[in-house]
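To start, the structure itself, in structure tokens.
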Amino acid sequence: MSPHDYDFLCKLLKQRSGLALAGDKQYLVESRLLPLARKAGIASLADLVAKLKERDDRLAVEVVHAMTTNESFFFRDKIPFDHFRDTIMPALLQSRAAERRIRIWCAAASTGQEPYSLAILLKEMKDKIADWRIEILGTDLATAVLDKAKAGLYTQFEVQRGLPIQLLVKYFAQIGEMWQIGADIRGMVQYRPLNLLSDFSYLGPFDLVFCRNVLIYFDQETKVDVLGRLARVTAPHGFLVLGAAETVVGLTDAFKPVPERRGLYAPAMPASAPGLAARVAAMAPRPATLVGAK
Amino acid sequence: MKTCLVVDDSSVIRKVARRILEGLDFQITEAEDGQQALAQCQRQLPDAVLLDWNMPVMDGYEFLKALRRLPGGDAPKVVFCTTENDVVHIARALHAGANEYIMKPFDKDIVEAKFHEVGLI
């Protein structure tokens, strides 16, 4: 691939998805886009770039989807879901007791494993939230992955990574060699396509935003912009969960890390408001394991 | 170092499982069927058992029930690893005392995830 073509693709990806590719990722671009080009009957990456320059919007969308990572699995990284069950939900059940309504946003829902993991945990605590209205919104840039998320249909490999067997048996039905999450769980999550670079202020406010493993693909300027806008849709008593390799530190003062809860952030409060330490102290203690099924 | 007994009548599966589990810092012993595995457990209980279902002489299900009846036999974490990939078999395994269940084919990520799930890693 010529440096000129690579530069063009980098700019297109940055503009459309925020994806910031370093100068040495030609191999990644080739490995992801050559199959796409062949499928579209395009002979080479040079020809693909030529078509993109003719403003082939459909092809540009396919290029962005091919380049964005959609790996996901149930209860990925475990700790965020421990936080959800043991810290976030006890705090929200207190702070939202008057309204009895909680709004959750999974900003990079991919194929649905993250929002469904949250929905499963909510089912597991159903006695505490019996008369609550809890909404989960899952958004993603790629519509193809959202179609899969809506179907809730997963391969044997997908259900074995992170999902305890007791929960598989309890919440999934076997359909041939696939496993489908139950209609009641699917009904707890709404999906819609969304590019985080575009305006999402109309979706909020949310009590909890999961935005994991997205910022790592953005450059500094885009991270600052997205975090700033996430802060504006996160309720003052709410929470933000980032991926293990992500942080707000050095990017925004709008969120502060919750002490001793890795990856968990809360909106910064005015000086007169109770500090984070006091808010965390009011939360329930953390049990040791994720899903109390053992 | 934790110990894991790999029970499978396929030498290929035992070899693959050994390689994966040694990479996760387990000390491995092997058995070709449930009876061999039970004899080993009567001498010394491992921390974990990776267990096939269909084997000659004694199958994995019968082994598991016998293991759980041994003194201290409730301690080892038992992870089934089998081609019996239906809900009925999974439910039977859990009822008999299995801690986790891997449906073949499997890979390193799945073994690691399941061993992590039951607190072995």
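Within segment A:151-159, is even one residue facing another protein chain (nearest Cβ under 10 Å) and either hydroxyl-bearing (Ser, Thr, Tyr) or open to solvent by 50 Å² or more (accessible area, probe 1.4 Å) (or both)? Looking through segment A:151-159, at least one residue is facing another protein chain (nearest Cβ under 10 Å) and either hydroxyl-bearing (Ser, Thr, Tyr) or open to solvent by 50 Å² or more (accessible area, probe 1.4 Å) (or both). Kindly indicate whether any position in segment A:161-174 is among the polar types (S, T, N, Q), part of a helix (DSSP H, G or I), touching a strand residue (DSSP E or B) at 6+ places or on another chain (Cβ under 6 Å) and surrounded by fewer than 21 Cβ atoms within 10 Å (Cβ to Cβ). No; the residues of segment A:161-174 include none that is among the polar types (S, T, N, Q), part of a helix (DSSP H, G or I), touching a strand residue (DSSP E or B) at 6+ places or on another chain (Cβ under 6 Å) and surrounded by fewer than 21 Cβ atoms within 10 Å (Cβ to Cβ). In segment A:214-234, the residues that are in contact (Cβ under 8 Å) with a residue 40 or more places away in the chain reach residues that are surrounded by 14 or more Cβ atoms within 10 Å (Cβ to Cβ) and part of a helix (DSSP H, G or I) with C-beta atoms within less than 7 angstrom, at least six apart or across chains, in these pairs: A:218/A:226; A:226/A:215; A:233/A:203. Which of the residues that make up segment A:132-148 are over 11 Å from residue A:111 (Cα atoms), outside any loop (DSSP other than H, G, I, E, B) and without any contact (Cβ under 8 Å) to a residue 40 or more places away in the chain? Within segment A:132-148, just A:133 meets the criteria. The numbered conditions (1) on the phi > 0 side of the Ramachandran plot; (2) at pLDDT 95 or above; (3) within 14 Å of chain B (Cβ to nearest Cβ) are all true for residue A:162 except (2).
For segment A:61-82, does any single residue satisfy the condition of being more than 26 Å from residue A:152 (Cβ to Cβ) and open to solvent by less than 70 Å² (accessible area, probe 1.4 Å)? Yes, the conditions are met somewhere in segment A:61-82.
Here residue A:70 fulfils each of the conditions (1) polar (S, T, N, Q); (2) within 14 Å of another protein chain (Cβ to nearest Cβ); (3) assigned to a loop (DSSP other than H, G, I, E, B) apart from (2). Scan segment B:104-112 and tell me whether some residue there is within 14 Å of chain A (Cβ to nearest Cβ), basic (Lys, Arg) and touching a strand residue (DSSP E or B) at 6+ places or on another chain (Cβ under 9 Å). Yes, segment B:104-112 contains a residue that is within 14 Å of chain A (Cβ to nearest Cβ), basic (Lys, Arg) and touching a strand residue (DSSP E or B) at 6+ places or on another chain (Cβ under 9 Å). Among the conditions (1) open to solvent by less than 10 Å² (accessible area, probe 1.4 Å); (2) not in a helix (DSSP H, G or I), residue B:37 misses just one, which is (2).
The values are calculated or read from the model by the stated rules, or taken from the named source; none is laboratory data. Here the structure is a predicted model, which means the values were calculated and not measured. No Cβ is skipped: glycine too gets one built from the backbone with ideal geometry, and neighbour counts run over all protein chains shown. Just so you know, the surface numbers come from the protein's heavy atoms only, side chains and all, with ligands and any DNA or RNA stripped out. Shrake-Rupley method; radii C 1.70, N 1.55, O 1.52, S 1.80 Å.
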